[in-house]
Amino acid sequence: MAIEGEAGAMAPVVAFALVGALGVGSQWLAWRLRMPAIVLMLVAGILVGPVLGVFDPARDIGPLMGPMISIAVAIILFEGGLTLNFHQLRDAAVGVKRLVFVGAPLGWVTSALALHYGAGLTWQASAVFGGIMIVTGPTVIAPLLRTARLSRRPAALLQWEAIVNDPIGALAAVLAFEVVVVLHTATTVGAAVTDLIVGIGIATVLGAAGGFGLARAFKRGWVPEYMKVPVLFALLLAVFGVSDAVLHESGLLAVTIMGIVIANADLPSYVELRRFKEHATVLLVSGVFILLAAGLDFAALGALDWRAAVFVAAVVLVARPLTVFVSLIGSGLPWREQVLVAFTGPRGVVLVAVAGLFGERLLSLGFEDAALIAPLAFVLVAFTVVLHGFTLAPFARALGLTGADTPGVIIIGGANWSTALAEALTRAEVPVLMTDPNFGHLRAARAAGIATFSGDILSEGAEQRLELVSYATLIAATDNDAYNTLVATDLAPEFGRDNVFQIARAKSDNARHQLPTTLGGKALGVDATYTEMEEMFRAGWTFRVTRLTDEFTLADWRAERADARLVARISPKGEIKLISRDEDVKPAPDVRLLAFRPADAGEVDQPPAG
């Protein structure tokens with residue numbers, strides 16, 4: 001079968017494969033380089049599209065392009081609605097609520113004003129595009145926060161604002177678009193109002209019915225576990241298709257409402273649904289962005305003039321700060337945190353995807369200035385992502401709002417030996433957080449000045465109060481092997497499976513007690529159970545840090561401390577890497593080794609480098 005057709009066109013199957021490879025490959029490379037994925041997807045799409053001409057979505061995919069993007073955007077908006085849990089919103093800080101309930105509508109207005117007076121768009125196009133601009137890019141904020149390591153409160157404000165305002169921005173854009181569509185196509189005002197009410201009403205009913213029906217079916221066991229995700233996906237497409245057939249683009253409103261209903265239904269299988277939406281979003285966001293970037297018309301970008309720069313400046317320097325400062329009046333938030341939030345508003349993939357879709361729809365209705373929406377979205381996204389990607393960390397440091405400079409460690413379980421481990425890490429200047437449901441178990445850690453959290457690490461309270469992005473590694477070290485396995489399994493997607501460890505399980509060598517390799521974390525290098533660790537600690541074993549040098553190498557360390565059990569390797573920059581069972585260590589000068597071994601008389605920990 002030929003890879004290319006007439007006039008250099010690429011076969012659709014090859015085009016789909018290329019989109020998937022570029023999208024997912026860009027996301028993976030961005031993770032490796034600790035960069036916002038959207039930057040690499042933008043570069044990849046533009047390179048294979050308008051620069052090299054290898055891939056042209058309109059040419060290589062043809063009439064499937066429009067429906068594909070519509071369905072992908074619908075699933076992305078459903079994912080946004082699925083994130084909006086009102087219970088978590090009630091527990092959020094006052095600042096988050098203000099940024100949602102006051103900031104969202106105010107941001108819509110200020111963005112529309114910037115579009116109309118800055119970019120010169122009509123009020124119709126400005127109203128639709130302004131609604132989309134409420135979204136501050138949840139897929140961009142998360143990696144930025146992990147890199148910048150902000151203090152907990154400003155990080156929480158930015159993170160929750162992005163998550164909550166994602167579906168709200170999509171909802172605002174859909175509502176504005178519905179108003180424009182009906183007013184433009186209806187013959188009379190009465191007909192316009194009727195069509196609008198009927199369309200939104202049907203979309204609302206379909207979305208709510210789909211959400212409630214699905215939740216009821218799942219709770220009553222009418223759907224087997226292995227079919228829940230397929231049924232969810234099929235119902236999502238059905239709701240979108242039926243609603244869209246009644247009133248064009250109302251399907252986006254329907255699936256957003258459906259997602260909100262499911263998010264607040266307290267489903268016991270919500271974790272599986274969340275995994276589905278995360279995986280689907282990564283794939284679809286990647287694909288949609290590659291398609292939009294590859295289909296970017298340089299001529300359209302060339303149509304932008306100096307007003308595009310005025311628009312971007314107005315959004316970054318006026319609309320965003322004004323929205324945040326007005327929203328946070330009387331919130332009691334320190335001015336430094338308000339300034340940081342006000343001047344941090346990166347836009348992301350959802351903005352580009354939805355803007356491109358609505359731009360095409362408005363253009364088909366005869367609004368010629370809607371042709372500028374897609375290039376304006378690209379310019380705004382590219383500028384804000386690059387700006388905040390390179391300035392957020394130094395800006396936060398200048399305001400004194402950064403967390404620890406090095407990734408920290410969370411130790412779950414307040415035993416005597418785990419407290420000694422936390423003290424050794426603290427002396428090595430590695431940030432540590434100890435958690436335990438028993439307040440008394442953390443008494444020694446608090447006395448030693450170690451940060452603590454009394455409660456269950458899997459609770460909603462921990463999710464709301466703890467800023468997990470400040471920590472890169474987790475050690476489950478309680479006396480309950482089942483709980484350690486549960487914690488390691490549940491938090492592995494958050495930290496990465498290579499960064500989640502647990503103390504060795506008792507009876508793990510017994511075939512009747514062995515768990516599947518998919519459950520739990522990596523075995524800590526000390527290769528001892530909780531009981532064995534306690535006994536060794538009482539016998540005088542302790543945690544010591546030793547620095548390697550050109551004169552004192554790893555081989556020397558092993559020769560002198562043959563009885564030591566290696567726990568971690570600390571780089572010269574202070575980054576810690578826990579050692580799992582049977583894992584070797586890469587020797588290097590100025591690397592420090594953390595080991596559990598019998599204490600030598602008079603020996604003290606060696607200080608960090610520098």
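The values are calculated or read from the model by the stated rules, or taken from the named source; none is laboratory data. All of these numbers come straight from a predicted model, not from anything done at the bench. Counting neighbours? That spans all protein chains shown, and the Cβs are built from the backbone with ideal geometry, glycine included. Side chains are part of the model used for accessible areas, which takes the heavy atoms of the whole protein and leaves out ligands, DNA and RNA. Shrake-Rupley method; radii C 1.70, N 1.55, O 1.52, S 1.80 Å.
Computed values, structure above
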{"read-out": "Any pair with Cβ under 7 angstrom, 6 or more apart, that starts in segment 319-330 at a residue that is farther than 10 Å from LEU106 by Cα and ends at one that is open to solvent by less than 20 Å² (accessible area, probe 1.4 Å) and of a type in the set (A, V, I, L, M, F, W, C)", "value": "PRO321/ALA342; PHE325/ALA342"}
{"read-out": "Single unsatisfied condition, GLY400 versus (1) surrounded by fewer than 18 Cβ atoms within 10 Å (Cβ to Cβ); (2) on the phi < 0 side of the Ramachandran plot; (3) not aromatic (Phe, Trp, Tyr)", "value": "(2)"}
{"read-out": "Within segment 532-559, tally of residues that are among the hydrophobic types (A, V, I, L, M, F, W, C) and in a strand (DSSP E or B)", "value": "3"}
{"read-out": "Scope segment 277-323; condition closer than 21 Å to VAL386 by Cβ and among the β-branched types (Val, Ile, Thr); matching residues", "value": "VAL285, VAL288, ILE290, VAL310, VAL312, VAL315, VAL316, VAL318"}
{"read-out": "Residue under evaluation LEU235, criteria (1) open to solvent by less than 20 Å² (accessible area, probe 1.4 Å); (2) modelled with pLDDT of 85 or more; (3) of a type in the set (A, V, I, L, M), criterion not met", "value": "(1)"}
{"read-out": "Residue match in segment 46-60 (condition: at pLDDT below 75 and out of contact with any Lys or Arg (no Cβ under 9 Å at 6 or more places or on another chain))", "value": "no"}
{"read-out": "Exclusive hit being open to solvent by 20 Å² or more (accessible area, probe 1.4 Å), part of a strand (DSSP E or B) and either of a type in the set (Val, Ile, Thr) or over 30 Å from LEU291 (Cα atoms) (or both), set THR452, THR435", "value": "THR452"}
{"read-out": "Unique match (being assigned to a helix (DSSP H, G or I), within 25 Å of the chain's Cα centre (by Cα) and aliphatic (A, V, I, L, M)) among VAL310, VAL318, VAL341", "value": "VAL341"}
{"read-out": "Residue among PHE325, PHE289 that alone is at pLDDT 85 or above and either in contact with a His (Cβ under 9 Å, 6 or more places away or on another chain) or part of a helix (DSSP H, G or I) (or both)", "value": "PHE325"}
{"read-out": "Residue among LEU458, LEU466 that is touching a residue at least 40 places away in the same chain (Cβ under 8 Å), surrounded by fewer than 22 Cβ atoms within 10 Å (Cβ to Cβ) and of a type in the set (A, V, I, L, M, F, W, C)", "value": "LEU466"}
{"read-out": "Selected residue [without any contact (Cβ under 8 Å) to a residue 60 or more places away in the chain, outside any helix (DSSP H, G or I) and of a type in the set (Val, Ile, Thr)] from VAL585, VAL567", "value": "VAL585"}
{"read-out": "Residue check, ALA393 touching a residue at least 40 places away in the same chain (Cβ under 8 Å), over 30 Å from GLU535 (Cα atoms), open to solvent by less than 30 Å² (accessible area, probe 1.4 Å) and not in a strand (DSSP E or B)", "value": "yes"}
{"read-out": "Residue tally, condition under 19 Å from PHE501 (Cβ atoms) and not in a helix (DSSP H, G or I), over segment 457-488", "value": "13"}
{"read-out": "Residues located in segment 61-90, provided they are more than 29 Å from the chain's Cα centre (by Cα) and either open to solvent by 30 Å² or more (accessible area, probe 1.4 Å) or at pLDDT 80 or above (or both)", "value": "ILE61, PRO63, LEU64"}
{"read-out": "Qualifying position, being farther than 22 Å from TYR117 by Cα and not aliphatic (A, V, I, L, M), among GLY359, GLY366, GLY400", "value": "GLY400"}
{"read-out": "Given (1) open to solvent by 30 Å² or more (accessible area, probe 1.4 Å); (2) under 27 Å from ALA127 (Cα atoms); (3) part of a helix (DSSP H, G or I), index of the condition GLY366 fails", "value": "(3)"}
{"read-out": "Close pairs from segment 336-348: first farther than 26 Å from GLY287 by Cα, partner assigned to a loop (DSSP other than H, G, I, E, B) and of a type outside the set (D, E, K, R), Cβ under 7 Å, at least 6 apart", "value": "ARG336/GLY400; ARG336/LEU401; GLU337/LEU401; GLN338/LEU328; LEU340/LEU401"}
{"read-out": "Extreme residue, most open to solvent (accessible area, probe 1.4 Å), among residues of segment 328-363 that are at pLDDT below 85 and basic (Lys, Arg)", "value": "ARG361"}
{"read-out": "Matching option when the condition is in contact with a Pro (Cβ under 6 Å, 6 or more places away or on another chain), surrounded by 15 or more Cβ atoms within 10 Å (Cβ to Cβ) and either at pLDDT 75 or above or not charged (D, E, K, R) (or both), among GLY131, GLY137, GLY199, GLY210", "value": "GLY137"}
{"read-out": "Among the residues listed as THR110, THR122, the single one being under 21 Å from GLU161 (Cβ atoms), at pLDDT 85 or above and of a type in the set (Val, Ile, Thr)", "value": "THR110"}
